[in-house]
Amino acid sequence: MLIAIENTVCLNAGDAAILLALMRELRSAFGEATRFVVFDADPDASARYFPGIEFRPQVSSLLTVPRLPARIFGRSWAIRLRRNAERLLRAEFARVVRAAGRGREVQSLLLGAALKENIEIYRQADLVVSTGGTYLVEHYDLEAKLIEFEKDMALRKPLVLFTQSMGPFENPRNRKRLGKVLDYAALTLLREERSQGHALGIAREANTAIAADSVFALAEPATMEQAAKRRPAPPRQVAVSVREWAHFSRTSAADGMGAYEQAIAAAVIALVEQHAVEVTFVSTCQGVAEYRFDDSIVANRIVERLPEAIRPSVAVDERFHTPEALMQQLGSFDFVISTRMHMAILALCAGVPVLPIAYEFKTTELFASLGQARWVTDIDGIEADAFGQTVLQFAASLGDYSAAAFPKVSELSASARSAGAKIRAAVEGQMAVTG
């Protein structure tokens, strides 16, 4: 069994956690001998951080032409020539993929060796799975993802979209193209009913199902049982996950980040002053020079806002951690303040309470499903004084939080572990219908 997994960004340890959990679920469904080829945004760097996984470049990343020197062609002509070259490359790629989908061998002088090798891997694959996450939302450019999906359809491969948060979709072109993909897919797994509504709003025949984020499959029953019995005690060690964010709806990115950083600083000050807490900034996105985000940069900016008397109680962990190592580290904290959603999930899987900051609806929906909606702070309206008080209230409520939340984490873990069986049933059902 050969399964192609696409659209991964494994330099983000949260996305890597999704991949590792996904591969585990697919092995449970299709057998331990299943071979995976992972098509990643930066395959060479990802292979260094996750040896043992077979990485390849994403097709969409190979359908671009380097910028032409403006000093030779002139700026306008350089742009025009590059666009025409990319248009020709994509047209030729589409022609070759269509032929491969019909079982024909087609050679092309325009396609490089990597593209041809990718086509051959996809042609041989028994199943294509687009990894889970939140990449089908319109404040991101969907073009690369649509190219990948349309390639899968042209090759006539069974396609599964793994646990997604998606939408809403307002752009008519996105609605039309993605609607066709959802109608074609054997199964689209959504993390919440809101996303399912967005999917069914653009697709007429989509086969959808709800399943918890795959990373919840990493939660062990014994850990959840112990966490639910947590005894109330003043916190001594707290982890904080922060991130850069540019999509504020009420203010500019600069003003929004300023308010956010000030609110985190206020929370740290309150914890140190009231509980003598030691605070560690740590995240799923840090310590990777090849990745465009490094949350430790934001963390260090926040530390600079702190009074000198507070700083000795605060540390910034700038190192890269694999998902497994990060989950183990998180288990040593009394609670976690998390902006990154998969940082929050890894902490919950480690049996640690989480105070969430939501930058997208996925976080709000997740904590509502845990019965903890009252603790969600929207990054768009975060205020220093109010958030500082929220953190102190949360610190005083850890026992009640744990007793209520961790049995529900166990339920989400069971839901996540059901994904493999859902995928196998959907793929076998589609193959039976199509013959």
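The values are calculated or read from the model by the stated rules, or taken from the named source; none is laboratory data. All of these numbers come straight from a predicted model, not from anything done at the bench. Neighbour counts are summed over all protein chains in view; Cβ atoms, including those assigned to glycine, are modelled from backbone coordinates with ideal geometry.
Results, tabulated for the structure shown:
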read-out	value
Entirely in the range 333-435, the helices (runs of 4 or more DSSP H) that have 1 or more residues that are touching a residue at least 60 places away in the same chain (Cβ under 8 Å) and closer than 21 Å to Val277 by Cα	341-349, 384-395, 398-417
Some residue of the range 58-70 being modelled with pLDDT of 75 or more and either charged (D, E, K, R) or over 30 Å from Gly14 (Cα atoms) (or both)	no
All positions within the range 224-275 that are β-branched (Val, Ile, Thr) and either out of contact with any Leu (no Cβ under 9 Å at 6 or more places or on another chain) or within 21 Å of Ala344 (Cα to Cα) (or both)	Val238, Val240, Val242, Thr251, Ile264, Val268
Every residue from the range 244-273 that is closer than 23 Å to Thr284 by Cα and not small (Gly, Ala, Ser)	Glu244, Trp245, His247, Phe248, Met257, Tyr260, Glu261, Gln262, Ile264, Val268, Leu271
Some residue of the range 123-130 being crowded, with 20+ Cβ neighbours inside 10 Å and in contact with an Asp or Glu (Cβ under 7 Å, 6 or more places away or on another chain)	yes
Unmet criterion (only one of (1) surrounded by fewer than 16 Cβ atoms within 10 Å (Cβ to Cβ); (2) in a helix (DSSP H, G or I)) for Ala144	(1)
Those residues of the range 102-132 which are at pLDDT below 95 and of a type in the set (Gly, Ala, Ser), in sequence order	Gly103, Ser108, Gly112, Ala113, Ala114
Residue within the range 422-430 that is closer than 27 Å to Ala233 by Cβ and buried (at least 22 other Cβ atoms within 10 Å of the Cβ) present	no
Filter result for the condition that a residue is in a strand (DSSP E or B) and surrounded by fewer than 19 Cβ atoms within 10 Å (Cβ to Cβ), over Ala315, Ala325	Ala315
Boolean, Arg243 is of a type in the set (Lys, Arg) and farther than 28 Å from Arg48 by Cβ	no
Hits in the range 161-174 (condition: closer than 18 Å to Ile202 by Cβ and in contact (Cβ under 8 Å) with a residue 12 or more places away in the chain)	Leu161, Gln164, Ser165, Met166, Gly167, Pro168, Phe169, Glu170, Asn171, Asn174
Test: Gly351 is at positive phi and buried (at least 19 other Cβ atoms within 10 Å of the Cβ)	yes
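Listed here are the residues, each with its yes/no results for (1) assigned by TED's automatic domain parsing to the domain that holds Ile337; (2) of a type outside the set (Val, Ile, Thr); (3) closer than 30 Å to Asp126 by Cβ.
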position: Thr363; (1), (2), (3): yes, no, no
position: Leu366; (1), (2), (3): yes, yes, no
position: Val376; (1), (2), (3): yes, no, no
position: Phe387; (1), (2), (3): yes, yes, no
position: Thr390; (1), (2), (3): yes, no, no
position: Ser402; (1), (2), (3): yes, yes, no
position: Arg424; (1), (2), (3): no, yes, yes
